[in-house]
1. Work out the count of Lys pairs in the chain where the Cα-Cα distance is under 27 Å, with the pair 8 or more places apart or on different chains.
2. Grab every C-alpha pair in the chain, bin the distances at 10 angstrom width from 0 up to the longest one, and report whole percents.
3. Relative to the present Cα-Cα distance, how much length would full extension add between Gln85 and Asp99 at 0.36 nm per residue of separation?
4. Among residues other than Arg39 whose Cβ falls under 11 Å from its Cβ, what is the net charge (Lys/Arg +1, Asp/Glu -1)?
5. Testing the spin-label approximation: label points 7 Å from Cα along Cα→Cβ at Leu57 and Ala8. State their distance in nm.
6. At R0 = 41 Å, how high is the FRET efficiency between Glu155 and Tyr114 if r is their beta carbon distance? Nearest 0.05 is fine.
7. Could you check the spin-label model distance between Thr144 and Glu24? Points 7 Å from the Cα along Cα→Cβ, value in nm.
8. Can you tell me the order of 87-97, 63-73, 45-55, 19-29 when each peptide is scored by its average per-residue count of other Cβ atoms within 10 angstrom, highest first?
Amino acid sequence: MSSYQKTAPVPSQEFLDRNAKYAEGHKPELGNDHWGHVRPLAVITCMDSRIYPHEQLGLGVNDTAIIRNAGGSVAEVLTTILACQKFGVRHFMVLKHTDCGGFRLQGREIIEHYKAHAKSNPTLSAKTVEEVTSEIREFGYGNTPIEEVVLNDVEFFEEESVDL
Ligand SMILES: [Zn+2]
């Protein structure tokens, strides 16, 4: 039995209503021509809601792509990085932050959590759980200094991204 709260903090219909209201008055600054708006910069950062990349870096909302995930891990977003490069992004910035959950959580804890709470359904066999957990990348920075974590991600980026 899951311990997750079953009721969303905001009902889905309210989100749909909010989005519809937003869409009524929305006039895209950059038009709707697909991909003509791609900027040459992307910021890879944490999903932490305390991080405001545009404000922190003095960027306009259309100046950059923001790629977010747990801990701002470059390895976790390689597909997105490659897609960005394909669409014209040429500069990537890694933005980490202090008090990040990435320094408090380890991959083995994520795997244990998944195994304990994997949804039970007929298609999710024990083997599938093992397959899923084998795909969970090494996660967590432990006591590594934040500067070293950034350098490790930059090194990963330089090794794994394409040469343009
Ligand atoms: Zn974080």
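1. Working: Lys6/Lys21; Lys6/Lys115; Lys6/Lys119; Lys27/Lys86; Lys86/Lys96; Lys115/Lys127; Lys119/Lys127.
Here the count comes out as 7.
2. 8, 26, 32, 26, 8
3. Numbers: separation 14, 0.36 × 14 = 5.04 nm, distance 3.02 nm.
Full extension from Gln85 to Asp99 adds 2.0 nm.
4. Values: positive: Arg90; negative: Asp63.
The answer is 0.
5. 2.9
6. Working: r = 28 Å, r/R0 = 0.69.
Efficiency, from the Cβ-Cβ distance: 0.90.
7. Label-label distance for Thr144 and Glu24, simple model: 4.9 nm.
8. 63-73, 87-97, 45-55, 19-29
No lab work stands behind these numbers, since they all come straight from the coordinates. Because the structure is a prediction, the values reported are computed rather than measured. When we count neighbours, we look across all protein chains shown, and the Cβ atoms used for this are built from the backbone with ideal geometry, even at glycine.
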